[in-house]
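**Q** The structure that follows is given in the form of structure tokens.
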Amino acid sequence: MRKRVCPMTTTTPNTTSTNTPLPPSTAAAPAAGKRLLVQRAGLLAGLAALLAVLLMPAATGLPPAGQVMLGILAFAVIVWITEALDYAVSAVVIGALMTFALAQVAEPGKAAASAMGTSAALNLALSGFSNSAVALVAAACFIAAAMSATGLDRRIALRVLSHVDANCRHIVIGAMVVGFLLSFIVPSTTARVACLVPIMMGFIRAFQVDRKSRFAGLLVITAAQTASVWNIGIKTAAAQNMVAIGFIEKQFQTSITWLDWFIAGAPFSAALTIALYFIMTRMMKPEMDEVPGGQAAIRQQLAEIGPTTAREWKLLGIVLALLGLWSTEKVLHDFDTSSTTIAAVALMLMPRIGVMDWKESQRGFPWGTVLLFAVGISVGTALLKTQAASWLAQLIVQHLGLQQASAFAILILLSLFLIVIHLGFASATALASTMIPIVISVLGAVQTPGINIIGMTMLLQFVISFGFILPVNAPQNMIAYGTDTFEARDFVRTGLVITAAATALLLLFSLSYWPWMGYLTVKG
């Protein structure tokens, strides 16, 4: 049978001088105006919600400090959903609100006349910065910066793809393998996709494939979704996982090791990766079977970056050693993930043996992400400390009838709730900061015998990574959407099927593997 090949596309030379400014798009101004209107409306709605909660009559069982935190939570959720403020700016605003609003009320368990004061309230607003999970996220950002500075991530991607033939489906598999491998050594979803997308676009240009072809859209969407899928299986792959770890450490004085997380989540991610391949290659079937000159294009890009440098070899050695330490935590040693990661960053920044200097590490460093992460943990800690989370949890337990429900029913009901609410969030970190404290309180409020609160929290954190449906559900989705290789409806229709597959796997694993491993209930 004759194979179909990619039709060569012709391009029209750009006659516009690069020095002449292009006229603004006629659609850009109305879109910007509409966006500004939504942001202003979101900010006003957030402030209105804050005031409404603060002024409502005192509820039974809810301390004044808890009522203040519920108002701040309502403000935060609305601002995050509408993106009324930049995430970093929202973190500063939320911290200021916590400081001054909590200062006026008594700390739970103390005399009503004794206001907390700004000093104690500020300590609570900044409590997230003392969490070891924040240090891990910041250190992970340094590792991602080192990967970008040395070009090691790009080299690994090209090396893997150089072993793939010109068959379109094999190229897709190669891109998925790269996404999987980078999940181990680049602890930032955004950084991984930011590395992969330019490589995919380079292939598309080198293969002379139409940017709007199904093959181009297939390649880019699959790269982004693979990154999201492996956020589930690898503890250090995404910042939102560290939110759950931070709250677990705070509440239960214990943690989940890298290997334990991998054992719980990797089989799920592996099964979903297989489903992802078949969903994407069927729903966005490429126009051709093979891409002519595919291998040559990859080899050309490899030749252009030259031989492996000493910096790349050093970074690879440090990262592989770090991966070894992560995976053997509590097996061969007692060093926790945060401590070993900080030590690795220290080595990366050391003169001579390091791979970059301080100035180089700061280029594009996402300080806003670290700030949002820390303040998000502060909000969650305050929700727990002021009893706001437990009060909300009681409402959820009563209205959903979870008091005597089985661990399976609780897991599925809360999972469906998280999948739906994620549609309104553009950041899984913000979603985790909002929901994990409430999840912990809900699990603590039910009367199900032997329920494993830590294991169930981890499984529900997996669901928080289900940002597969909308381009705005995750930064990596927006990076992919920014390539203009597909329409939003392509992402939505494939994302809905991926989410359905993930939900089906959730049911399957909740009835088999996870109970057998003791993640739903403690084995008697």
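**Q** Would you mention how many residues in the stretch 202-228 are touching a residue at least 60 places away in the same chain (Cβ under 8 Å) and part of a helix (DSSP H, G or I)?
**A** Number of matching residues: 17.
**Q** Please indicate, with yes or no, whether at least one residue in the stretch 363-379 is farther than 29 Å from A474 by Cβ and part of a helix (DSSP H, G or I).
**A** no
**Q** With (1) touching a residue at least 12 places away in the same chain (Cβ under 8 Å); (2) out of contact with any Asp or Glu (no Cβ under 8 Å at 6 or more places or on another chain) as the list, and W313 as the residue in question, which single condition is left unmet?
**A** Just one mismatch for W313, condition (1).
**Q** Taking the stretch 48-73, which residues are surrounded by 16 or more Cβ atoms within 10 Å (Cβ to Cβ) and more than 15 Å from L102 (Cα to Cα)?
**A** A49
**Q** Check L496 against each of (1) under 28 Å from I78 (Cβ atoms); (2) surrounded by 23 or more Cβ atoms within 10 Å (Cβ to Cβ); (3) at pLDDT 95 or above and name the one condition it does not meet.
**A** (2)
**Q** Determine whether the stretch 85-101 contains at least one residue that is under 18 Å from S433 (Cα atoms), without any contact (Cβ under 8 Å) to a residue 60 or more places away in the chain and in a loop (DSSP other than H, G, I, E, B).
**A** yes
**Q** Any chance you could count how many residues in the stretch 399-429 are touching a residue at least 60 places away in the same chain (Cβ under 8 Å) and outside any helix (DSSP H, G or I)?
**A** Here the count works out to 4.
**Q** Further question: Would you check if there is a residue in the stretch 204-219 being over 27 Å from the mean Cα position of the chain (by Cα) and among the aromatic types (F, W, Y)?
**A** yes
**Q** Only one residue in A488, A445, A502 is under 22 Å from A270 (Cα atoms) and either at pLDDT below 95 or not polar (S, T, N, Q) (or both), so which one is that?
**A** A502
**Q** Might you let me know whether the stretch 385-398 holds any residue that is more than 21 Å from the chain's Cα centre (by Cα), modelled with pLDDT under 85 and part of a helix (DSSP H, G or I)?
**A** yes
**Q** Please find, within the stretch 291-327, the residue that is surrounded by the fewest Cβ atoms within 10 Å (Cβ to Cβ) out of those that are assigned to a loop (DSSP other than H, G, I, E, B) and not small (G, A, S). Lay out the reasoning, then the answer.
**A** Step one: filter the stretch 291-327 for residues assigned to a loop (DSSP other than H, G, I, E, B), giving 291-293, 306-309.
With the extra rule that they be not small (G, A, S), the set shrinks to 291-292, 307-309.
On the way: V291: 24, P292: 14, P307: 8, T308: 14, T309: 15.
Applying the filter and picking the extreme gives P307.
**Q** Hey, can you tell me all the residues within the stretch 261-285 that are without any contact (Cβ under 8 Å) to a residue 12 or more places away in the chain and either among the aromatic types (F, W, Y) or buried (at least 19 other Cβ atoms within 10 Å of the Cβ) (or both)?
**A** Answer for the stretch 261-285, where residues must be without any contact (Cβ under 8 Å) to a residue 12 or more places away in the chain and either among the aromatic types (F, W, Y) or buried (at least 19 other Cβ atoms within 10 Å of the Cβ) (or both): just F278.
**Q** If you don't mind, another one. Does the stretch 331-339 contain any residue that is part of a helix (DSSP H, G or I) and of a type outside the set (S, T, N, Q)?
**A** no
**Q** Follow-up question, since we're still on this one. Looking only at residues that are within 21 Å of L182 (Cβ to Cβ) and more than 16 Å from the chain's Cα centre (by Cα) in the stretch 223-260, which one is surrounded by the fewest Cβ atoms within 10 Å (Cβ to Cβ)?
**A** L259
**Q** I've got another one for you. Going by the structure shown, is A91 within 22 Å of the chain's Cα centre (by Cα) and within 22 Å of P64 (Cβ to Cβ)?
**A** no
**Q** If you don't mind, another one. Note down all Cβ pairs under 6 Å where the first residue falls in the stretch 465-476 and is touching a residue at least 24 places away in the same chain (Cβ under 8 Å) and buried (at least 23 other Cβ atoms within 10 Å of the Cβ), the second is of a type in the set (A, V, I, L, M) and assigned to a loop (DSSP other than H, G, I, E, B), and they're at least six residues apart or on different chains.
**A** Sorted first by the residue in the stretch 465-476, then by its partner, the pairs are G467/A474.
**Q** Take the stretch 368-389 and flag every residue that is over 12 Å from M435 (Cα atoms) and of a type in the set (S, T, N, Q).
**A** The answer is T369, S378, T386, Q387.
**Q** Further, regarding this structure: Does V172 satisfy the condition of being part of a helix (DSSP H, G or I) and either at pLDDT below 85 or within 23 Å of the chain's Cα centre (by Cα) (or both)?
**A** Against the criterion (part of a helix (DSSP H, G or I) and either at pLDDT below 85 or within 23 Å of the chain's Cα centre (by Cα) (or both)), V172 qualifies.
**Q** On the given criteria, is R489 in contact (Cβ under 8 Å) with a residue 24 or more places away in the chain, among the basic types (K, R), not in a loop (DSSP other than H, G, I, E, B) and not assigned by TED's automatic domain parsing to the domain that holds Y277?
**A** For R489, the condition - in contact (Cβ under 8 Å) with a residue 24 or more places away in the chain, among the basic types (K, R), not in a loop (DSSP other than H, G, I, E, B) and not assigned by TED's automatic domain parsing to the domain that holds Y277 - is not met.
**Q** Tell me which residues, restricted to the stretch 124-177, are of a type in the set (A, V, I, L, M) and touching a strand residue (DSSP E or B) at 6+ places or on another chain (Cβ under 8 Å).
**A** Result: A166, single match.
**Q** So, M288, is that one touching a residue at least 12 places away in the same chain (Cβ under 8 Å) and assigned to a helix (DSSP H, G or I) or not?
**A** no
The values are calculated or read from the model by the stated rules, or taken from the named source; none is laboratory data. Predicted, not measured: the structure shown is a model, and the values here were computed from it. Ideal geometry is used to build each Cβ from the backbone, glycine not excepted, and the neighbour counts take in all protein chains shown.
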